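Working notes, structure below.
The values are calculated or read from the model by the stated rules, or taken from the named source; none is laboratory data. Note that the structure is a prediction, hence the values are computed from the model and not measured. Cβ sites come from the backbone with ideal geometry, for glycine too, and all protein chains shown count toward neighbours. For the accessible areas, the whole protein counts, side chains as well, though only heavy atoms, and no ligand, DNA or RNA atoms are used. Shrake-Rupley method; radii C 1.70, N 1.55, O 1.52, S 1.80 Å.
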Amino acid sequence: MSLIRRFEEEAGRQYQRAKAGGFLHLAIGEEATILGTTSVMREQDYLIGTYRTHGHAIARGTDPKNVMAELFGRVDGTSGGRGGSMHIFDRDRRFMGGYGIVGGNLPIAAGLALSSQYKGEDAVTVCVFGDGASNTGNFGETMNLAALWKLPIFFLVENNLYGMGTSVERHSAQTDLSEKAEGYGIPGDRIDGMDVLAVREAVAEGIRLAREEQRPTLIEAFTYRYRGHSAADPEVYREREEVEEWQRKDPIEAFARRCLEAGVLGERELQEVREKAEEEVLAAVEFADASPEPALDTLYENLYVLDSAAWYAVDERSPEPHRGEREEESMPEAARELAEAGAAYAGQPAAPRPNPARDGDAELGVEPEVAGEVEEEGQDTEKPAEEVED
Ligand SMILES: Cc1ncc(C[n+]2csc(CCOP(=O)(O)OP(=O)(O)O)c2C)c(N)n1
Ligand SMILES: [Mg+2]
């Protein structure tokens, strides 16, 4: 928990220094919910989360160096620097992301659990999501299939009282989120998510039910993020006093006290834990900083463009080079190859490639452009892609 806390604090600092790009969602304050959960998972179990999951990956054993490098957008990042903060991913440790679509990870979690069931694999999928995500259609659909198919899956709602700036009372008709899946056949319970041992105990039972009895259950863990929703949050929806009240229940401090009182750890050992966390995080920053940027000619690697109508469906590109692709000599050729591969996949003729802006598109109701025709003002047609791009 100390390591995750220090990592997150440092990630926030590096973000302020513009070392980390994109969005940054910190889970400072939520460490007990994270650790209590991962501490009872087995190596073969899957974990899938949201965009607030630096800590989840680290808790599953991903090296903080690779997580930091991902935030920095470098080649040694967990997704080769292509995902950033919201898309940490570690297949080897079965940490399956990292998703920016609220509730988007739920059906994927059901798919993971179904695959384990289908293959007769002894693995449980742990699906973590926020209070806000419980309002999405995906929530109901996933609960239904999980219960119907008796999937080896366990659901954990990290209820930090807000979905962005909207409190649970203002976003959910049913504010007891542990009851929200009952109608689908998924029973739930509520626990103190600031108490790592309480989380551990409840999640252990949920995982056991999933593994041994194929009974999916849900736990609502009450927790709190001390920082804003993301790095750009003015926090006008809550009072300073509320934040301070939760900080007094700090999960790391509380657990440290408990360990001291029980004589499990001494002051010196606690200090060592903190120092080790500090060292590891500073080494992660150094590592990330030294890791190279991805090479420009790898820009189109691991990029999948699948659409029956062909390649242009993605940002209306045609195989010709576009602005932003001319930085290197190889790029126009790479773009063309990719477009042709996409066309081949979609069963389209390899050449010449249709350009919807020029040739029209019956599906979209776009008329072919007639050479020399002047577009009338207010005419309701799409602009040629080239013009839009410029
Ligand atoms: C489908 C979808 N709708 C809206 C958003 C914008 N959005 C990003 S985070 C967020 C709040 C989600 O809150 P919650 O599920 O409670 O998770 P938390 O951020 O509190 O961890 C919203 C609405 C999104 N990313 N995806
Ligand atoms: Mg929330």
- prompt: Could you say which residue among R238, R248 is within 16 Å of ligand 1 (Cβ to nearest atom) and modelled with pLDDT of 95 or more?
  reply: R238
Boolean, M194 is crowded, with 17+ Cβ neighbours inside 10 Å and either out of contact with any helix residue (DSSP H, G or I) (no Cβ under 9 Å at 6 or more places or on another chain) or more than 22 Å from T125 (Cβ to Cβ) (or both): yes
message: Given the condition within 16 Å of ligand 1 (Cβ to nearest atom), at positive phi, touching a Lys or Arg at 6+ places or on another chain (Cβ under 6 Å) and part of a loop (DSSP other than H, G, I, E, B), answer yes or no: does some residue in the stretch 58-68 qualify?
response: no
field: Filter result (closer than 16 Å to K65 by Cα and either within 19 Å of the chain's Cα centre (by Cα) or touching a residue at least 24 places away in the same chain (Cβ under 8 Å) (or both)) within the stretch 10-23
entry: E10, A11, G12, Q14, Y15, K19, A20
- prompt: Hey, does the stretch 65-87 have a residue that's closer than 28 Å to W149 by Cβ, away from ligand 2 (no atom under 16 Å from the Cβ) and modelled with pLDDT of 95 or more?
  reply: yes
task: Could you list all residues from the stretch 197-235 that are more than 13 Å from ligand 1 (Cβ to nearest atom), open to solvent by less than 20 Å² (accessible area, probe 1.4 Å) and closer than 28 Å to L24 by Cα?
output: V199, V203, L218, I219
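How many of the residues in the stretch 236-269 are part of a loop (DSSP other than H, G, I, E, B), among the hydrophobic types (A, V, I, L, M, F, W, C) and open to solvent by less than 70 Å² (accessible area, probe 1.4 Å)?
1
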field: Members of the stretch 1-47 that are surrounded by fewer than 22 Cβ atoms within 10 Å (Cβ to Cβ) and of a type in the set (G, A, S)
entry: S2, G12, A18, G21, G22, S39
Helices (runs of 4 or more DSSP H) lying entirely in the stretch 88-172 (those with 3 or more residues that are open to solvent by less than 10 Å² (accessible area, probe 1.4 Å) and in contact with a strand residue (DSSP E or B) (Cβ under 9 Å, 6 or more places away or on another chain)): 105-119, 137-148
message: Checking the structure you have, find out if any residue of the stretch 48-63 is open to solvent by 50 Å² or more (accessible area, probe 1.4 Å) and within 28 Å of D297 (Cα to Cα).
response: yes
message: Out of the residues in the stretch 173-182 meeting the condition of being of a type in the set (D, E, K, R) and either in a strand (DSSP E or B) or open to solvent by less than 60 Å² (accessible area, probe 1.4 Å) (or both), tell me which one is nearest to T223 (Cα to Cα).
response: D176
field: Residue count, the stretch 116-139 (criterion: under 14 Å from the mean Cα position of the chain (by Cα) and near ligand 1 (Cβ under 7 Å from one of its atoms))
entry: 3
